[in-house]
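To start, the structure under review is shown below, and the notes come after it.
Just so you know, all these numbers are worked out from the coordinates, no wet-lab data involved. Bear in mind the structure is a predicted one, so any value in this text is a computation, not a measurement. When we count neighbours, we look across all protein chains shown, and the Cβ atoms used for this are built from the backbone with ideal geometry, even at glycine.
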2 protein chains.
Amino acid sequence: MPQGQPESIPQDGLTTRQRRNRPLLMVHTGDGKGKSTAAFGLALRGWNQGWSVGVFQFVKNAKWRIGEETAFETLGALHTERGTGGSVEWHKMGSGWSWSRQPGSESDHAEQAAQGWEEIKRRLAAQTHGLYVLDEFTYPINWGWVDIDDVVATLAARAGHQHVVITGRRADPKLIEAADLVTEMTKIKHPMDAGQKGQRGIEW
Amino acid sequence: MPQGQPESIPQDGLTTRQRRNRPLLMVHTGDGKGKSTAAFGLALRGWNQGWSVGVFQFVKNAKWRIGEETAFETLGALHTERGTGGSVEWHKMGSGWSWSRQPGSESDHAEQAAQGWEEIKRRLAAQTHGLYVLDEFTYPINWGWVDIDDVVATLAARAGHQHVVITGRRADPKLIEAADLVTEMTKIKHPMDAGQKGQRGIEW
């Protein structure tokens with residue numbers, strides 16, 4: 001149940017309030033479904049809190065557009081129009097990051113991934129967002145496109161109250177070590193094993 | 001990646017289109033975080049498809065209100081006002097199911113759970129929703145308040161195109177057997193283990 005009590009009280013000199021409000025680094029990993037879906041569920045929660053939500057999808061396919069992107073566009077517009085919820089920014093690597101002036105560099109995914117991380121570092125330094133969703137960020141780390149030691153050091157040193165959730169398979173052990181919360185999504189059964197294809201509203 | 005291909009094509013006489021559009025029974029179980037969050041992420045996807053979304057929270061505490069409930073109220077209102085997305089109904093056991101005329105029966109959770117399931121059966125028969133989120137439904141099943149054989153038989157016989165996602169720990173083996181997709185959320189690390197309390201925007 002969500003209202004759980006901690007199993008022990010650490011002797012860290014923090015008040016309960018300080019401990020409660022500590023910004024979290026969360027990791028959703030494993031081979032099962034739900035890693036990104038749960039991250040976007042968290043983003044919905046953050047939006048409801050009025051946080052600025054920044055989504056950074058490290059996906060290679062520019063054409064890929066999941067239902068959440070459209071839904072969060074609607075939610076972000078509500079913030080602009082009515083002040084309901086928080087603001088939402090949604091950035092995708094595959095289509096060339098929206099802040100980048102080099103859409104022609106699509107072919108160099110390593111370079112794009114590195115640029116994405118540099119932008120996230122700038123935003124963390126500027127305390128731009130209350131919640132960062134770094135979707136499928138484990139892959140550029142594992143492929144060596146983004147340096148894991150830089151990621152861990154940057155996140156450890158981030159100021160203010162910025163939550164970060166990172167999704168993707170095979171999270172680096174250093175990332176798991178650095179994280180406050182790690183959930184592994186394990187596939188017990190999947191329709192594709194039974195020959196079923198992905199479908200609208202479920203996979204996207 | 002979401003655009004995955006099936007590992008084998010079954011000899012079931014169905015076309016790819018039929019197979020693609022088969023309604024799914026999904027189960028999120030395990031001791032880790034993200035079971036409900038991923039289910040609400042799916043609901044966001046379903047809302048974006050314009051589906052009627054029905055959420056049924058089998059929680060005992062009437063006062064409990066998570067951020068998603070507020071966010072989905074907003075989304076449901078957008079459907080009513082502008083025709084954007086799908087409709088949303090959100091029902092909670094703890095406060096007495098909204099369709100029930102007996103709010104005084106709060107103390108009898110077994111009876112309430114059974115009533116909740118009876119209503120869901122009526123809606124499945126009427127094909128009311130495109131997606132049913134039966135949140136924390138494994139508990140009333142495990143406590144014997146709702147008969148697992150009835151659940152499995154009812155879901156197997158449901159008509160039309162109704163997706164169902166069930167969340168909660170220790171899913172009954174019969175439920176797992178009946179499901180099309182089962183993900184286990186495993187806790188690798190949790191802030192409460194380090195003495196941290198739950199916090200706004202993360203746990204609710």
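Which semi-axis lengths, in whole Å and largest first, follow from the square roots of five times the eigenvalues of the Cα gyration tensor of segment B:25-187?
Details: eigenvalues 97, 72, 54 Å².
Whole-Å semi-axes of the equivalent ellipsoid: 22, 19, 16.
What is the local net charge at A:PHE58, summed over the other residues whose Cβ is closer than 9 Å to its Cβ (Lys, Arg +1; Asp, Glu -1)? Taking every Cβ under 9 Å from that of A:PHE58, the sum is 0. Across the cross-link table entries B:LYS35/B:LYS92; A:LYS33/B:LYS92; B:LYS121/B:LYS174, which are compared at the Cα atoms, the separations over 20 Å belong to A:LYS33/B:LYS92.
Charges at C-beta only: +1 for Lys and Arg, -1 for Asp and Glu. How large is the resulting dipole of the protein assembly as shown about its Cα centre, in Debye rounded to 20?
Its charge dipole is roughly 480 debye.
Taking Cβ atoms as reference points and 15 Å as the exclusive limit, the residues near B:GLY144 contribute a net charge of -4, counting Lys and Arg as +1 and Asp and Glu as -1. A simple spin-label model places pseudo-atoms 7 Å from Cα toward Cβ; at B:ASP193 and B:LYS121 they are separated by 4.1 nm.
Per residue of chain A, the DSSP helices (runs of n ≥ 4 H) give a summed -39500 (n - 2.57) that works out to -10500 deg cm²/dmol at 222 nm. Once the dipole of segment B:25-187 is set up with Lys and Arg at +1 and Asp and Glu at -1 on Cβ about the Cα centre, which of B:MET26, B:TRP47, B:LEU131 lies farthest towards its positive end? Of the listed residues, the answer is B:TRP47. For the Cα trace of the protein assembly as shown, dividing Rg by the Kirkwood Rh returns an Rg/Rh value of 0.96. Position B:ALA77: other-copy label points at 1.7 nm, ordered by increasing distance, label point 7 Å along Cα→C-beta. Within the listed set B:PRO191, B:PRO173, B:PRO140, the Gaussian network model of chain B (springs between alpha-carbon atoms below 10 Å) gives the highest mean-square fluctuation for B:PRO191.
Comparing B:ALA110, B:ALA194, B:ALA125 in a Gaussian network model of chain B (Cα springs below 10 Å), the most mobile by mean-square fluctuation is B:ALA194.
Taking only Cα atoms and a 10 Å spring cutoff, compute GNM fluctuations for chain B and point out the largest among B:LYS33, B:LYS60, B:LYS187. The residue with the greatest mean-square fluctuation here is B:LYS187.
Taking R0 as 25 Å, what's the FRET efficiency between B:ARG200 and B:ARG82 from their Cβ-Cβ distance, rounded to 0.05? Present the calculation step by step, with values, prior to reporting the outcome.
Working: r = 29 Å, r/R0 = 1.17.
The pair B:ARG200/B:ARG82 has a calculated efficiency of 0.30.
Modelled spin-label separation between B:ARG169 and A:ALA110, with each label point placed 7 Å from Cα along the Cα-to-Cβ direction: 4.6 nm. When each of the peptides A:26-32, B:77-83, B:118-124 is scored by the mean number of other C-beta atoms lying within 10 Å of its residues, the order from highest to lowest reads A:26-32, B:118-124, B:77-83. Inter-label distance, A:GLU89 to B:GLU89: 4.1 nm, where each label sits 7 Å from its Cα along the C-beta direction. Charged neighbours of B:LEU131, selected by a Cβ distance under 13 Å, balance to +2 (K, R count +1; D, E count -1).
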